[in-house]
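The values are calculated or read from the model by the stated rules, or taken from the named source; none is laboratory data. Predicted, not measured: the structure shown is a model, and the values here were computed from it. Methodologically, a virtual Cβ is constructed for each residue, glycine included, from the backbone with ideal geometry; neighbour enumeration extends over all protein chains shown. Calculation scope for accessible area: heavy atoms of the full protein, side chains included, ligands and nucleic acids excluded. Shrake-Rupley method; radii C 1.70, N 1.55, O 1.52, S 1.80 Å.
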Amino acid sequence: IETAIRPEDKRWQGWIDRQQGAISRALDALEKDVGHWGGVFLIGGITVVAALSYLDLRKVCDLREGRPHLAHWYTTTHNRRSVRETESAE
């Protein structure tokens, strides 16, 4: 919102940096945990793939850089038929 809506002269860089840091910490936590998720695709996985898809779509950050396990999980999960069909229905 800060960079998409607010005029450039009114943007608060400290707030942007804090939000970017929160996103990076969340992605790092997912990188550590993703190996324990197994092959089950329930509401948690749906939520994560939706959030990562949003970050990817909006080019908020490079969720793959330095996070090989999360990147692999995301690519595999994002290519599921159910996920692809849900995206294309929008």
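Things worth noting here:
- Condition check for residue 36: farther than 20 Å from residue 87 by Cβ, of a type outside the set (Lys, Arg) and open to solvent by 60 Å² or more (accessible area, probe 1.4 Å): yes
- Breaking point among (1) assigned to a helix (DSSP H, G or I); (2) closer than 19 Å to residue 74 by Cβ; (3) small (Gly, Ala, Ser), for residue 39: (1)
- Test: residue in the range 17-27 that is among the charged types (D, E, K, R), at pLDDT 90 or above and under 18 Å from residue 76 (Cβ atoms): no
- Taken as a whole, the structure leaves residue 78 outside the set of residues that are in contact with a Gly (Cβ under 7 Å, 6 or more places away or on another chain) and either loosely packed, with under 10 Cβ neighbours inside 10 Å or not hydrophobic (A, V, I, L, M, F, W, C) (or both).
- For the range 45-64, the criterion of being more than 20 Å from residue 87 (Cβ to Cβ) and either of a type in the set (Val, Ile, Thr) or not in a loop (DSSP other than H, G, I, E, B) (or both) is satisfied by no residue at all.
- Per-region count, the range 68-90, residues in contact with a Phe, Trp or Tyr (Cβ under 9 Å, 6 or more places away or on another chain) and among the basic types (Lys, Arg): 1
- Subset of the range 1-10 (residues that are farther than 21 Å from residue 54 by Cβ and open to solvent by 90 Å² or more (accessible area, probe 1.4 Å)): 8, 9, 10
- Any pair with Cβ under 6 angstrom, 6 or more apart, that starts in the range 18-34 at a residue that is closer than 15 Å to residue 52 by Cβ and ends at one that is in a helix (DSSP H, G or I) and among the aromatic types (Phe, Trp, Tyr): 34/73
Rundown of residues vs (1) open to solvent by less than 90 Å² (accessible area, probe 1.4 Å); (2) in contact with a helix residue (DSSP H, G or I) (Cβ under 6 Å, 6 or more places away or on another chain); (3) among the hydroxyl-bearing types (Ser, Thr, Tyr), yes/no style:
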residue	(1), (2), (3)
20	yes, no, no
24	yes, no, yes
47	yes, no, yes
56	yes, no, no
68	yes, no, no
73	yes, yes, no
